[in-house]
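See below for the structure under consideration.
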Amino acid sequence: MHPRGLTCTGELEILHDEAGTWDVPWLATPRRLTATVRLSRAGGLPRRLPDGLGLAVRVTDADGPDRHLDLLMTSSGRGRAGRHLPLPRTDALRGPYSSLLPYRVAGRSRLLAAFPRRTRQAPVPGDLRSIAAALDAGPLVYDMCAEAGDRSWRRFAVLTVRAVLPVGEEDTPDFDIYAHSVRAFEPGGALAATRRAAYRGSRSGRGARREVL
């Protein structure tokens with residue numbers, strides 16, 4: 001899945017939330033953090049066909065020096081059921097990207113999602129060439145949200161994707177939400193053991209080191 005993608009520079013701005021604190025250390029203070037972002041297509045289908053679109057984010061030093069955070073999301077539906085299901089699309093900015101399965105955020109089960117803003121480049125076809133051209137014209141911006149208790153969305157950060165790095169489409173950092181998670185903000189819930197096994201197999205297949213860096 002997601003065999004090809006664009007690796008990009010970016011930054012994550014953690015926001016002050018008037019609704020209250022998240023009780024999560026890395027979200028406690030408004031600040032800007034460096035991010036590496038990969039935008040990808042799930043099946044590598046021809047550029048004119050709908051495909052699952054991927055958004056992978058590595059937040060550098062999110063929870064202190066060398067304590068990075070990886071987030072993996074895919075294009076999804078909007079409703080309470082649809083947000084748990086991948087949804088192929090042709091426009092990279094038309095709808096949300098979801099973690100599909102919930103995180104444990106300060107002990108509570110919360111799905112994560114990224115909502116792209118309709119910037120002046122919109123619409124942006126979901127093929128890599130078009131996404132790269134959109135980034136040449138300006139940044140792409142996403143509102144990063146987590147579910148609130150009533151399943152509405154509550155924003156915690158803004159992700160800005162700025163420029164494509166000179167990295168081959170098939171060469172990318174090894175994003176892994178289990179190897180790179182932080183205190184009180186961890187993947188969990190249904191299928192956790194299966195997903196951990198899948199990530200271990202993926203790292204092994206790519207020749208990555210097994211230890212957490």
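Filter the GluC sites (Glu not before Pro) in the range 1-89 to those in DSSP coil with at most 15 other Cβ atoms within 10 Å of their Cβ, and list the result. Answer in residue order: E18. Shown in residue order for the range 101-109 are the 3J(HN,Hα) couplings computed by the Karplus curve 6.51 cos²θ - 1.76 cosθ + 1.60 at θ = phi - 60°: 10, x, 9, 9, 10, 6, x, 10, 7 Hz (x for Gly and Pro).
How about the range 141-190: which GluC sites (Glu not before Pro) there lie in a loop by DSSP and see at most 16 other Cβ atoms within 10 Å? Hits after loop and neighbour filter: E169, E170. In terms of its Cα atoms, the range 59-113 spans 38, 25, 11 Å along the principal axes, sorted from long to short. Charges on Cβ only, +1 for Lys and Arg, -1 for Asp and Glu, centred on the Cα centroid of the range 51-104; of P65, G77, G54, which one is farthest towards the dipole's positive end? Working it through, the farthest residue towards the positive pole turns out to be G77. The phi torsions of the range 154-165, fed into the Karplus equation with coefficients 6.51, -1.76 and 1.60 and a -60° offset, translate into couplings of 10, 6, 10, 6, 10, 9, 10, 9, 10, 8, 7, 7 Hz, rounded to whole numbers, with Gly and Pro shown as x. Each 5 Å bin from zero holds the following percent of Cα-Cα pairs in the range 1-146: 2, 9, 18, 23, 21, 14, 9, 4, 1.
The amide H of D91, built 1.01 Å from its N in the peptide plane, has G126 as neighbours under 5 Å, considering only residues 5 or more places off or on other chains. Working note: Debye formula, equal point scatterers on the alpha-carbon atoms of the range 1-86, no solvent; log10 I(q)/I(0) at q = 0.13 Å⁻¹ is -0.57.
Across the options A137, A106, G10, the greatest Cα extent toward the positive end of the charge dipole of the range 1-147 (unit charges at beta carbon of Lys, Arg, Asp, Glu) belongs to A137.
Each reported figure results from applying straightforward, stated rules to the coordinates on display, with no laboratory input. Everything quoted here is computed from the prediction, not taken from an experiment. Heads up, the Cβs are rebuilt from the backbone with ideal geometry, glycines too, and the neighbour counts pull from every protein chain shown.
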